[in-house]
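To start, the structure under review is shown below, and the notes come after it.
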Amino acid sequence: MATLLRTVARAKHLLAVSRHTRKIVQPSCLISTSKKNKEEISATVENVSSKEEELRQLEEHFANQDPNSPKNYVSYGWSTYDQEYDQFSHNMVLFTGITLMVIMVFFLSYCPDHKLRNWSMREAHLELARREKLGLPLIDRNVVDPSKVILPSEEELVGVKIRL
Amino acid sequence: MLAVLLGLLPSFGEVGCWQFFTLCFLSSPIILYRGSLEGYVMGDFFILDDWSSSLVFLCFWLGALMLMISKPELSGLSVWGVVFCCFLAFSCWNFLWFYVFFELTLVPMAIMILKWGMQPERITATFYMFLYTLGGSIPFLVFLVFVFWGESSFFMGFNADLLGGLGWWGCCAVVVFFVKIPCYPFHLWLTKAHVEAPTTGSMALAGLLLKLGGIGLMRVFLSFGQLSYSVQVFWANVGIWGGVLSSVACLRQVDSKALIAYSSVGHMCLVQLSILSGSSVGWLGALFMMVAHGLSSSGLFGIIGEYYDKVKSRSLMVCSGFEMLFPSSGIWWCMVVFCSMSCPPSLGFLGEVVMGMGVCGSFPLGFIPCFLLLFFFSGASMMVLYTSVSHGSSGSSLLPSFRGVGKFSYLGVFHATPLFLLFFFPGFL
């Protein structure tokens, strides 16, 4: 019981000291309370962690938690030091890269007859109807009527190299 | 549109990504809405047809995203230069001017690598880039002189079978596009350049410059290679096997940027095969894949570059624990990787299906197993990348960041969202 009380008293004393002076003194007095041991104090060790400056700087750095403070600004990635340029670039990239592109895709989607696809289909159907009416084959291997093609004569082809 | 693009030049110091987004918005009625079966001819030398218009829009979109990730006051002019040269090259209708702008893209790219690259090896990387591209373009220049000597014009509208008739010279004439794509034997410059380039440079390389090879192949084969089956089969054989080898090489990479670079080689070999198939379905698949690869690879390089800025290492051993450190950005990293893996519903999946139809219809059946191997290994390499970067404990001393959605997340948003939307609405391309 006595030991417990002494321990609590020492802890309270240490807390009070550290709160005021920020110097943690850890006396380590090897005092024996045994009745059999009559020796004096054998050793005293004091550990003074003088980290005042580092602790103070850390406390100052994290004291301000205001998200609107320029010091606590989290960059979007466009600039780490110029907040206005960072926000402007972020907004402009999103506007031009997403909003304008959506408008562009919408515009192109509703443009009339992109690449003349509809016209091509109409012309194909008209051509099929014409061929059916004339009794011609629907798909002909000859694009041009062979009877209308004028080929050179054999005499004109003498010496001409045929390459395949 | 050209005036708006030129108008951005005086303000290059202040050009931010939102100006390029505005340019996308303003130019979309001209680029994406085409009320004609033919292309829009602009002046004497420029045209916006089915292929060039999609790639021009990709140009502007990736320009915005490159400026999003970089400091505009530092690299605004280089990004503008790459976008401007690529825009002119994509929309060119004259072989001489196409050649000029094709080579001119190297200049801003070299400036980016030399000025903002970190390692001393960047000088070697730039040297390789110049050597491969300029060396491969000499036969093409000779071919152009030969064409002008015969036709007295650099116009792209011919329908001749010059390439097939030239035999091995025809094969050599198009080497420059296979260097740019890059086809497997000529891919070394890309792996070096990607590793040494800054993040913006890698995005430009993967997103835009590789597509110059694709569009160049399309233009040359449309004009001169209608019946050049021998040339097509030769390069298709080189391409399919090269794609498989590069995809297998992905699995052994330790450097994250090198892994993505080798996977780019595999994807672009697929594009090369589709273009060489000569079928309209194959060319449509190639276009889908070029747009899909441009967005997904650019997103991969952008996000891994941002992570590299924080972790200070590209090694897959160190770049781990991404999901734990940046969970709000990690979900978009996951989306971009899956799009690169051509998982449905992404544009890459649509592209691979359509490309498969084109290639299987034009080439012998022996191509099919190699094609399937290429699909498998490209997906496997992306899975390796994702698990290495996202999972596991962090190899660095970074603390988790829960800052919500910021610039880091928007990279993934603006890369992944178009890939998903274009799967459902591919008619915009």
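The values are calculated or read from the model by the stated rules, or taken from the named source; none is laboratory data. Bear in mind that the values here come from a model prediction, so they are computed numbers and not experimental data. Reconstructed Cβ throughout: ideal geometry from the backbone, glycine too, with neighbour counts over all protein chains shown. Surface areas here come from the heavy atoms of the whole protein model, side chains and all, with no ligands, DNA or RNA. Shrake-Rupley method; radii C 1.70, N 1.55, O 1.52, S 1.80 Å.
Pairing each residue of the stretch B:155-175 that is modelled with pLDDT of 80 or more with any residue that is open to solvent by 40 Å² or more (accessible area, probe 1.4 Å), provided the two are 6+ apart or on different chains, yields C-beta distances under 6 Å for B:C171/B:F234; B:C172/B:P139; B:A173/B:P139; B:V175/B:P139.
Among the residues of the stretch A:102-122, those that are within 10 Å of chain B (Cβ to nearest Cβ), of a type outside the set (K, R) and more than 30 Å from B:S70 (Cα to Cα) comprise A:F107, A:L108, A:S109, A:C111, A:P112, A:D113, A:H114, A:L116, A:W119, A:S120.
For every residue, the table says whether it meets (1) in contact with a Ser or Thr (Cβ under 8 Å, 6 or more places away or on another chain); (2) of a type in the set (G, A, S); (3) not in a loop (DSSP other than H, G, I, E, B).
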| site | (1), (2), (3) |
| --- | --- |
| B:I111 | yes, no, yes |
| B:K115 | yes, no, yes |
| B:P120 | no, no, no |
| B:T124 | no, no, yes |
| B:P139 | no, no, yes |
| B:F146 | no, no, yes |
| B:G150 | no, yes, yes |
| B:C172 | no, no, yes |
| B:F177 | no, no, yes |
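Yes or no: B:T105 within 10 Å of chain A (Cβ to nearest Cβ) and among the β-branched types (V, I, T)? Considered against the rule, which asks whether it is within 10 Å of chain A (Cβ to nearest Cβ) and among the β-branched types (V, I, T), B:T105 comes out as no.
Any idea which of (1) assigned to a helix (DSSP H, G or I); (2) more than 30 Å from A:S79 (Cα to Cα) is the one A:L100 doesn't satisfy? That leaves (2) as the condition not met. Candidates are the residues of the stretch B:279-322 that are open to solvent by less than 10 Å² (accessible area, probe 1.4 Å) and among the aromatic types (F, W, Y); the one that is nearest to B:S394 (Cα to Cα) is B:F322.
Here's the yes/no breakdown for (1) surrounded by fewer than 24 Cβ atoms within 10 Å (Cβ to Cβ); (2) in contact with a Gly (Cβ under 7 Å, 6 or more places away or on another chain):
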position	(1), (2)
B:G170	yes, yes
B:F177	no, yes
B:K180	no, yes
B:C183	yes, yes
B:G201	no, no
B:N237	yes, no
B:Q253	yes, no
B:L270	no, yes
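With (1) surrounded by 12 or more Cβ atoms within 10 Å (Cβ to Cβ); (2) within 38 Å of the chain's Cα centre (by Cα) as the list, and A:D113 as the residue in question, which single condition is left unmet? So A:D113 meets the others, but not (2). Quick check: anything in the stretch B:303-323 at pLDDT 90 or above and under 30 Å from B:N237 (Cα atoms)? No, that holds for no residue.
Condition check ((1) open to solvent by 70 Å² or more (accessible area, probe 1.4 Å); (2) within 30 Å of B:F57 (Cα to Cα); (3) within 12 Å of another protein chain (Cβ to nearest Cβ)) across all residues:
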{"position": "A:N64", "(1), (2), (3)": "no, no, no"}
{"position": "A:P67", "(1), (2), (3)": "yes, no, no"}
{"position": "A:N72", "(1), (2), (3)": "no, no, no"}
{"position": "A:Y85", "(1), (2), (3)": "yes, yes, yes"}
{"position": "A:T96", "(1), (2), (3)": "no, yes, yes"}
{"position": "A:L100", "(1), (2), (3)": "no, yes, yes"}
{"position": "A:N142", "(1), (2), (3)": "no, no, no"}
{"position": "A:P146", "(1), (2), (3)": "yes, no, no"}
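Screening B:I331 on (1) under 24 Å from the mean Cα position of the chain (by Cα); (2) over 29 Å from B:C59 (Cβ atoms) shows it passes everything except condition (2).
A Cβ distance below 8 Å, combined with a sequence gap of six or more or placement on separate chains, defines the contacts here; from the stretch B:353-375, residues that are farther than 20 Å from B:M341 by Cβ and in a helix (DSSP H, G or I) reach no residue that is among the basic types (K, R) and open to solvent by less than 20 Å² (accessible area, probe 1.4 Å).
For the condition open to solvent by less than 10 Å² (accessible area, probe 1.4 Å) and not acidic (D, E), B:L276 qualifies. Each residue in the stretch B:84-119 was checked for being touching a residue at least 24 places away in the same chain (Cβ under 8 Å), surrounded by 21 or more Cβ atoms within 10 Å (Cβ to Cβ) and in contact with a Pro (Cβ under 9 Å, 6 or more places away or on another chain), and 3 pass.
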